[in-house]
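All remarks here apply to the structure that follows.
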Amino acid sequence: MRILVVNSFFPPRTTGSAHFSLDVAREYVRQGHEVWVATTSVPGAPEREDMDGIHVVRLPAWSVTPGSLAFNYALPFVTRPGVLRRLNRLFDEARPDVVHQNGQFFDLTFATTLIAWRRRIPRVLTVHTPLMHTNPALRAFISMVDRTALRLLNSPGRPLVVGVDRYVCEMAQRRYRPTRGPVRFIPATLRVDQFRTGDGERVRAQLALGERPIILSFGHVIPIRSRVPLIEALPRIVERFPDVRVLVVGEVYYDEFLHRAAELGVGDHVVVTGRVPHSEVPDYLAAATVESHDLDGHGLGITTMEVMAARVPIFARVRRDVFPGVDLDEWPDLQIVESAEPAAIADSICHLLGSAEFRAEVADSQFEFVSRYFRAEVVAARYLELFDELRD
């Protein structure tokens, strides 16, 4: 099969969907398929390259940072004179049997939709991130745009739409109303065996944390992963573990948690590093006693899965049916709850902090969980089944 993977984000960009696209593309190649990738240019990256047997083509792009509308992320766009001509040449060269698009709100998706539709090439559209916001006015505006403009731009050719968890599936079903059957669920990928812990003592010494218990909170701080629920539980945690520190590692795009910490009198228990080099991530994981950042009720992000793969016990708040077809009740040691109450969050984290034996049991269970459902070869096999379904 000849497969064209489309994503505005692709390595060396470091988003979750970028790593996902590389993971499935590698697996498609490993299973004997010819794979091309259409993505956006990155300073220092070649316009064309072969990466692990994948033919990567980077189109000239410009970026914009639309402030809080996109949580201050820089978004790449390819719209410029001649882009459709470039893409048509790419389609001529790649001759795809199927197009696997990633991301429903980028112009590269819209442009490849138009070309695939004209050429009658079937498409699978993976929705990784729902368009949403915590600000009510922005949320209403985004929902309107989603239900009208994005639905119209993505609908030609009747793509088969996939969501990475129940939240995304339900949102996509409501807003896009796909005509090729209901939104399917396939999780994101995880390189389970590549995650490890490193030199935790180096991080503890560098940040003067000594032997204190550390609640690592890993990943960029944005409104849907705000750290506010963790901070609101922190006073109760401090009562039982007076030396505890919350170590926030990642870019802070939304700082409400810091204001809340000051209001609650626990500001001295919060340490913020900002973004750290990728090579140092294993050291921060090794320094952690536990990890927690998915507490806003918006699902389990890929960062949480990566921490599980590194065998660092996590605590999170999600619906029990967050992954359709996966019964979380079969995994009682995952340390996942639905309650947003600070007391419930504090009790669960304190239970983890208080027992090394319990943390080890939780870490083993969590590693087994991500190994069963999120390995790249498992996820890619499910997509290949969809591609065969579309071609029949």
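Here are some notes:
- In the set V183, V127, V145, only one residue is among the hydrophobic types (A, V, I, L, M, F, W, C), touching a strand residue (DSSP E or B) at 6+ places or on another chain (Cβ under 7 Å), under 25 Å from T79 (Cα atoms) and free of Cβ contacts under 8 Å to residues at least 60 places away in the same chain; that residue is V127.
- Residue in the stretch 206-218 that is farther than 20 Å from G354 by Cβ and surrounded by 19 or more Cβ atoms within 10 Å (Cβ to Cβ) present: yes
- Options P178, P182: the member that is closer than 19 Å to N102 by Cα and exposed (fewer than 15 other Cβ atoms within 10 Å of the Cβ): P182
- Residue ranges of strands (runs of 3 or more DSSP E) in the stretch 1-97 with at least 1 members under 27 Å from P223 (Cβ atoms): 2-7, 34-40, 62-64, 75-77
- One residue from S17, S21, S41 being under 24 Å from E306 (Cβ atoms), polar (S, T, N, Q) and modelled with pLDDT of 95 or more: S21
- For Q194, the conditions (1) buried (at least 19 other Cβ atoms within 10 Å of the Cβ); (2) of a type outside the set (D, E); (3) at negative phi all hold with the exception of (1).
- Across the stretch 334-376, the qualifying residues are those that are outside any helix (DSSP H, G or I), open to solvent by less than 40 Å² (accessible area, probe 1.4 Å) and among the polar types (S, T, N, Q), and the one among them that is nearest to I314 (Cα to Cα) is Q335.
- Subset tally (residues that are out of contact with any strand residue (DSSP E or B) (no Cβ under 7 Å at 6 or more places or on another chain) and on the phi < 0 side of the Ramachandran plot) for the stretch 27-45: 4
- Entry remark, the stretch 248-265: residues being crowded, with 19+ Cβ neighbours inside 10 Å and either free of Cβ contacts under 8 Å to residues at least 40 places away in the same chain or not aromatic (F, W, Y) (or both) number 6 in total.
- Qualifying residue in the stretch 52-61 (condition: under 23 Å from the mean Cα position of the chain (by Cα), crowded, with 17+ Cβ neighbours inside 10 Å and closer than 30 Å to V307 by Cα): yes
- Inter-residue pairs, beta-carbon under 7 Å, first open to solvent by 30 Å² or more (accessible area, probe 1.4 Å) and in the stretch 270-290, second modelled with pLDDT under 90 and of a type in the set (G, A, S), 6+ apart: A286/G198
- For beta carbons closer than 7 Å, sequence separation of 6+ or different chains, a first residue in the stretch 195-213 that is in a loop (DSSP other than H, G, I, E, B) and a second that is open to solvent by 50 Å² or more (accessible area, probe 1.4 Å), the qualifying pairs are R212/D243; P213/D243.
- Boolean, T79 is of a type in the set (S, T, Y), closer than 28 Å to E306 by Cα and loosely packed, with under 14 Cβ neighbours inside 10 Å: no
- Considering L84, L108, L131, the condition of being open to solvent by less than 50 Å² (accessible area, probe 1.4 Å) and modelled with pLDDT of 95 or more is satisfied by L108 alone.
- Just one residue in the set R245, R240, R227 is open to solvent by 60 Å² or more (accessible area, probe 1.4 Å) and of a type in the set (D, E, K, R); that residue is R240.
The values are calculated or read from the model by the stated rules, or taken from the named source; none is laboratory data. The structure presented is a predicted model; accordingly, all values stated were derived computationally and were not measured. All Cβ positions, glycine included, derive from the backbone under ideal geometry; neighbour counts span all protein chains shown. Keep in mind that these areas ignore ligands, DNA and RNA; they rest on the heavy atoms of the full protein, side chains included. Shrake-Rupley method; radii C 1.70, N 1.55, O 1.52, S 1.80 Å.
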